[in-house]
Amino acid sequence: MLTFEIVLVIVGASILLIGLFYARSIIRQMKEKRLARPWQFIYILVIFFFFAYAFIALRLVDLNLLSSVSNETIVAYVFFFGAIFVLTVTYLNKQIFTNIFGLDISDKEAVLKFLKYTEVPAKNYRKLLTSFSIRCKVCQHEIDYRIPDIVRSHPKLDRGVVVRNAMGSKDYVFYIRHHCSNDFREIPVIHDANFDYRSQNKSRIV
């Protein structure tokens, strides 16, 4: 006769199998971007939880495998690795939200990060706080932006700022991110060596 506890463990194990399917799918996608390692770790943890659930379910029907291992020991391991699982998932979500909504840093920190990345002299500090405005050619909305905003919206700055050198001159391509209808879009905007606006290129969906 199946008890409530056995049914609960079996349902939990079934949910873990679904989780394994999704984790495997994410790993395949992340391998192309070389970001699969944390998800592989999560995959291993889910496999551990599945076998722990199965182990407990067998004991509930009087199939006592590894009798030297107590239920308390199994539960302790599940709690410990469960905490690691939660920490890992929370960290990955933080990374995802940071990539979507940007860094939480001040204008000063953002400008200093920009100066270090571009190797621009610090005397241009005030110039980097200038406000600009462009129109999205898709939704027709005016978008106000400053260099600190660009730095905040791109945790990996090389994805938001491209420095181009050609024939002794320098210009910058800034990728202005904004919410356009139901999508996030980036508009490549070109500024000259003095950080003055020059032109914008066709936007792309992020």
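General observations
- Selection from the stretch 138-155 of residues that are under 22 Å from LYS202 (Cβ atoms) and of a type in the set (D, E, K, R): GLU142, ASP144, ASP149
- Residue among LYS123, LYS113 that alone is within 29 Å of PRO38 (Cα to Cα) and assigned by TED's automatic domain parsing to the domain that holds ASP158: LYS113
- Whichever residue in the stretch 136-167 is more than 23 Å from the chain's Cα centre (by Cα) and among the acidic types (Asp, Glu) and, among such residues, is surrounded by the fewest Cβ atoms within 10 Å (Cβ to Cβ): GLU142
- Filtering the stretch 120-137 to residues that are part of a helix (DSSP H, G or I) and either under 17 Å from GLN200 (Cα atoms) or of a type outside the set (D, E, K, R) (or both) leaves ALA122, ASN124, LEU128, LEU129.
- Test: residue in the stretch 14-26 that is in contact (Cβ under 8 Å) with a residue 24 or more places away in the chain, closer than 18 Å to VAL86 by Cα and surrounded by fewer than 15 Cβ atoms within 10 Å (Cβ to Cβ): yes
Every residue, every condition in (1) within 30 Å of TYR43 (Cα to Cα); (2) modelled with pLDDT of 85 or more; (3) of a type in the set (Val, Ile, Thr), yes or no:
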site: GLN95; (1), (2), (3): yes, no, no
site: LYS113; (1), (2), (3): no, yes, no
site: ASN124; (1), (2), (3): no, no, no
site: ILE143; (1), (2), (3): no, yes, yes
site: ARG152; (1), (2), (3): no, yes, no
site: SER169; (1), (2), (3): no, no, no
site: ARG177; (1), (2), (3): no, yes, no
site: VAL189; (1), (2), (3): no, yes, yes
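- Selection status of ASP104, among the charged types (D, E, K, R), loosely packed, with under 12 Cβ neighbours inside 10 Å and either part of a loop (DSSP other than H, G, I, E, B) or assigned by TED's automatic domain parsing to the domain that holds ALA52 (or both): yes
- Verdict on ILE42 being surrounded by 12 or more Cβ atoms within 10 Å (Cβ to Cβ), of a type outside the set (Gly, Ala, Ser), at pLDDT 80 or above and over 17 Å from THR90 (Cα atoms): no
- For the stretch 182-206, the set of residues classified as assigned to a loop (DSSP other than H, G, I, E, B) and either touching a residue at least 12 places away in the same chain (Cβ under 8 Å) or of a type in the set (A, V, I, L, M, F, W, C) (or both) consists of ASP192, ALA193, ASN194, PHE195, ASN201, LYS202, SER203, VAL206, listed by residue number.
- Residues in the stretch 69-101 that are part of a helix (DSSP H, G or I), out of contact with any helix residue (DSSP H, G or I) (no Cβ under 8 Å at 6 or more places or on another chain) and within 20 Å of ILE56 (Cα to Cα): GLU72, THR73, VAL75, ALA76, PHE79, PHE80, ALA83.
The values are calculated or read from the model by the stated rules, or taken from the named source; none is laboratory data. As the structure is a computational prediction, the values presented were derived from the model and not from experiment. For neighbour counting, all protein chains shown are included, and Cβ atoms are generated from backbone atoms with ideal geometry for every residue, glycine included.
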